[in-house]
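Novice: There's a structure below that I have some questions on.
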Amino acid sequence: MSVEALARTERSGDVVRSAWWVNRPTHYALRTAQAGNRRTPILLLLCELCVLLLFLGGCAMTMEDQPRFEAQESSRFFADGAASRPRLADTVARGELRLEPLLSSGRVAGEFIDSFPFTVTQTVLERGQQRFEIFCSPCHGLTGDGQGVIIEYGMPPPDSFHAPDLRERQAGYYFAIISDGTRVMPSYAARIPIEDRWAIVAYIRALQLSQNTDASQIAPGKLPNE
Ligand code: HEC
């Protein structure tokens, strides 16, 4: 409907029956044409949009706003008043079942073992090398000499894995240090799965061999420069 036609129907008292929002642009155009201001329709539309956005904003609920309990928070629902629930007796969290204590602790009857819970193959060693270079070399150095890049940033240098007392340590000792950490070294239990920890230990053994082998032990033809 044209502005003129709408103006005529409104003046003649003939009520326009179609929904107001269908005719809204023409309607605004008419009102502003009458008021002599042509820019107002856009302004009015913008205002409407702003109000709409304000309401829409109020509807949004992000995941961090949802009703939930924080760790250590109290609760009136449970008799003990705590929202955090204790573990049920005789249950094991998914992925935490440890049926092989040797594999998961590196100890037998409380003593570190000096063997591996599975056969060390070339594939295991290669995996160990890759994991060692990712997780350990920044501090322990690529050869395990304790001269990793981190000491340039103020961390005390760890002892070299080639020092006599560390070479004598059992495989289980290395496994336990990766799992539990020691003094300033953090635990890597959450980041390195058990099998990978053993693979790293196997690679440390290979490093120790590589740095402490007498030339006479190397098969003829295998020495560099030969
Ligand atoms: C953030 C640096 C850092 C990383 C990463 C790190 N370590 Fe350590 N580690 C240390 C420091 C520092 C020490 C010495 C701790 C002390 O004596 O206070 C140490 C000590 C050790 C020891 C004990 C040595 C001893 O004196 O008995 C072993 C074994 C060891 N680390 C193995 C590893 C292995 C394996 C990895 C990789 C999975 C690793 N570390 C990753 C910093 C690190």
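The values are calculated or read from the model by the stated rules, or taken from the named source; none is laboratory data. Since this is a predicted model, take the numbers as computed values, not measurements. Because the Cβ atoms are built from the backbone with ideal geometry, glycine has one as well, and the counts that use them run over all protein chains shown.
Novice: Looking at the range 198-212, which of the residues that are under 13 Å from Gln130 (Cβ atoms) and out of contact with any Leu (no Cβ under 7 Å at 6 or more places or on another chain) is nearest to the ligand (Cβ to nearest atom)?
Specialist: Here the answer is Ile200.
Novice: Continuing with this model, one more query. Using the structure shown, decide if Glu73 is among the acidic types (Asp, Glu), modelled with pLDDT of 85 or more and not assigned by TED's automatic domain parsing to the domain that holds Gly172. Walk me through it before giving the result.
Specialist: Details: among the acidic types (Asp, Glu): yes; modelled with pLDDT of 85 or more: yes; not assigned by TED's automatic domain parsing to the domain that holds Gly172: yes.
Judged against the criteria, Glu73 is a match.
Novice: Something else about it: Here is a check on your reading of the model: is Leu44 modelled with pLDDT under 85, of a type outside the set (S, T, N, Q) and part of a loop (DSSP other than H, G, I, E, B)?
Specialist: Spelling it out, it is not the case that Leu44 is modelled with pLDDT under 85, of a type outside the set (S, T, N, Q) and part of a loop (DSSP other than H, G, I, E, B).
Novice: Follow-up. Is it true that Ser104 is assigned to a loop (DSSP other than H, G, I, E, B) and either of a type in the set (Ser, Thr, Tyr) or within 12 Å of the ligand (Cβ to nearest atom) (or both)?
Specialist: no
Novice: What pairs can you find where one residue is in the range 121-135 and touching a residue at least 40 places away in the same chain (Cβ under 8 Å), the other is more than 12 Å from the ligand (Cβ to nearest atom), and their Cβ atoms are less than 7 Å apart, with a gap of 6+ or different chains?
Specialist: Correct list of pairs: Leu125/Ala206.
Novice: Could you please give the count of residues in the range 112-134 that are in a helix (DSSP H, G or I) and not hydroxyl-bearing (Ser, Thr, Tyr)?
Specialist: 12
Novice: Still on this model: Using beta carbons and a limit of 6 Å, which pairs, at least six apart or on different chains, have the first residue in the range 145-168 and closer than 23 Å to Phe112 by Cβ and the second one among the acidic types (Asp, Glu) and within 7 Å of the ligand (Cβ to nearest atom)?
Specialist: Here the result reads Gly146/Asp159; Leu166/Asp159, each pair linking the range 145-168 to a residue that is among the acidic types (Asp, Glu) and within 7 Å of the ligand (Cβ to nearest atom).
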